[in-house]
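Here's the structure, in structure tokens; my notes come after.
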Amino acid sequence: MKNSRLHHVPVAAAILAAAGISLSAPAGTTARGPAAVAPARQSATAAATPAQVAARVQEAIRASGLAADAVGVSIRDVATSALVADARGGTAMVPASNMKVLTTGAALHVLGAEWSFRTRLLRDGDRLTVVGDGDPSLGDPALDGARTTEQLMDGWVAAVRAAGVRRVRELVADDRILDREFTHPSWPADQLNASYCAQVAGLNIHENLLGFVLAASGGRPAVVRTEPASSWVSVETGRATARSGKGTEQTIGIARTEDPWRFSLRGNMKAVPAQPITACVQDPPRYFALYLADRLRAGGIAVDAVRTAAPSDPAATGADAAPPIERTLAQVIAECNTESHNLYAEALLKRIGAARSGRPGSWTNGGEALAAAVDERLGSGIAARALAVSDGSGLSRDNRVAPGLVTAWLASMARDPKLSAPYVASLAVAGRTGTVAKRFPSLDAGTVFVPCKTGYINGVSCLSGCVGRPGAMPRYAFSVMCNDLSKARNDVAKAKDLQERIVMILAGAL
């Protein structure tokens, strides 16, 4: 990411302290901590004082096998925001998906807990205009349940047909609530067809992914159908094989071509995949328009022309041709955090940029909106000195945030009487849901509540969240960030072990 898009210089503990947010170690601890600490399992069975918690955390870090300068830890008392333990908590680090902790909270702060996305279909004479609101969830099977993307759009088609419309002169996709920089410039170029790099737009559908259902035909792979059904999409299959003999491997995949509506099947299909293989849609607003036009035609309504709105077009006018499709902010942030959904986070960041600036949402004005939200919650000037916002999901390696800032943010959100319920509920729960459902085997999830967010990109492993009792305000906010991890030294496993030990220490301190 270009430096012009970053909103801070490296964090210094003294800067935050001047604004009332201390990132220094608690009194009575040293940089190296005490000589011994109880194991994580034992610490979960014996209550501990704050000084003991700090000592045990320091020893856990020292015993982790990780380089000292690779780890940053901050722990706060949620009720007071006072530090309980700290180890390099004022150091700016790459947060990976822990960035979503800030993005989702900022969305609640800027838009409000009761806010909803609203995607509208307007009719003005013989023109239909889809007015996007940046909703990332349209047609997402995870949120729409048994309702398919076809059924979602066919609800609109039925309403248009019931109004007596049989011909549409022009169908316009107005995605201008967000900009058209669909892919972040710092995302890994060799991964842009992966589902976690799905393009981000003012109009999104089916997670901006195309699924290809495969079968074997004449000894070769064949595409049975696409999900959603897209009649204008074609697939080249000549470069793919379907060999299942000894020594063969399952390498089948789908690649994009220069033509956005033509894909290429590549590799070997040793066995028919149980699930569709996916590729990222290019230009989601254009795809949305073509898809709706296809459904209108299938419903007996002719469509003469399809286009996306031009920057110079006036704001769309007309009456609702069908009920708006709405999705609550609480639903979106829950999917974003629990499942670590990158598209959702990026749409949220850009949408708050649009809300605050009155211009199409972008990574630039979205970052500015997030920084402003941090200032408003934690103290004026903090964000300019303590936060680098490159994207909203943490996929960019240009994000920087200090663990101490994350815990101050978590504590602020957890104390907020209007925002705490949807915010805390959006996080995955250790030992129960989302990305941490299978972690923390020693944790008694029935008596200890750990809503948290994982974060991982190459060389980075992070975990941030809260620890408390079910049904009560969390007692602790924590952030454990590990950077510059070596695959050769198995550092990611060590980082995850450290994160779990620290959570168990806090569970014992309850």
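Assorted remarks:
- The set of residues in the range 56-87 that are part of a helix (DSSP H, G or I), crowded, with 24+ Cβ neighbours inside 10 Å and either within 27 Å of the chain's Cα centre (by Cα) or among the small types (Gly, Ala, Ser) (or both) contains only Ala60.
Quick grid of which residues meet (1) more than 21 Å from Val401 (Cα to Cα); (2) in contact with a helix residue (DSSP H, G or I) (Cβ under 6 Å, 6 or more places away or on another chain):
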| position | (1), (2) |
| --- | --- |
| Pro417 | yes, no |
| Leu427 | no, yes |
| Gly434 | yes, yes |
| Arg439 | yes, no |
| Gly446 | yes, no |
| Tyr456 | no, yes |
| Gly459 | no, no |
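- Options Arg351, Arg327: the member that is over 27 Å from Val168 (Cβ atoms) and not in a loop (DSSP other than H, G, I, E, B): Arg351
- Every residue from the range 364-386 that is buried (at least 24 other Cβ atoms within 10 Å of the Cβ) and either at pLDDT below 95 or closer than 17 Å to Glu346 by Cα (or both): Gly366, Gly367, Ala369, Leu370, Ile382, Ala383, Ala386
- Tabulated pairs, the range 287-316, first at positive phi, second at pLDDT 95 or above, C-beta under 8 angstrom, 6+ apart or interchain: Gly300/Arg161; Gly300/Arg166
- Selection from the range 95-116 of residues that are surrounded by fewer than 24 Cβ atoms within 10 Å (Cβ to Cβ) and in contact with a strand residue (DSSP E or B) (Cβ under 6 Å, 6 or more places away or on another chain): Ser116
- Taken over the range 402-421, the criterion of being in contact (Cβ under 8 Å) with a residue 12 or more places away in the chain, more than 16 Å from Val467 (Cβ to Cβ) and among the charged types (D, E, K, R) is satisfied by Lys418 alone.
- Criterion (more than 27 Å from Glu114 (Cα to Cα), in contact with a strand residue (DSSP E or B) (Cβ under 7 Å, 6 or more places away or on another chain), in contact (Cβ under 8 Å) with a residue 24 or more places away in the chain and not in a loop (DSSP other than H, G, I, E, B)) met by exactly one of Val424, Val467, Val503: Val503
- The listed residue being acidic (Asp, Glu) and crowded, with 23+ Cβ neighbours inside 10 Å, out of Asp135, Asp144, Asp154, Asp126: Asp135
- Tally of residues being surrounded by fewer than 17 Cβ atoms within 10 Å (Cβ to Cβ), over 19 Å from the mean Cα position of the chain (by Cα) and either closer than 26 Å to Ser396 by Cα or in contact (Cβ under 8 Å) with a residue 40 or more places away in the chain (or both) across the range 157-188: 8
The values are calculated or read from the model by the stated rules, or taken from the named source; none is laboratory data. Source: prediction; values computed, not measured. Cβ coordinates were reconstructed from backbone atoms using ideal geometry, including for glycine residues, and neighbour counts include every protein chain displayed.
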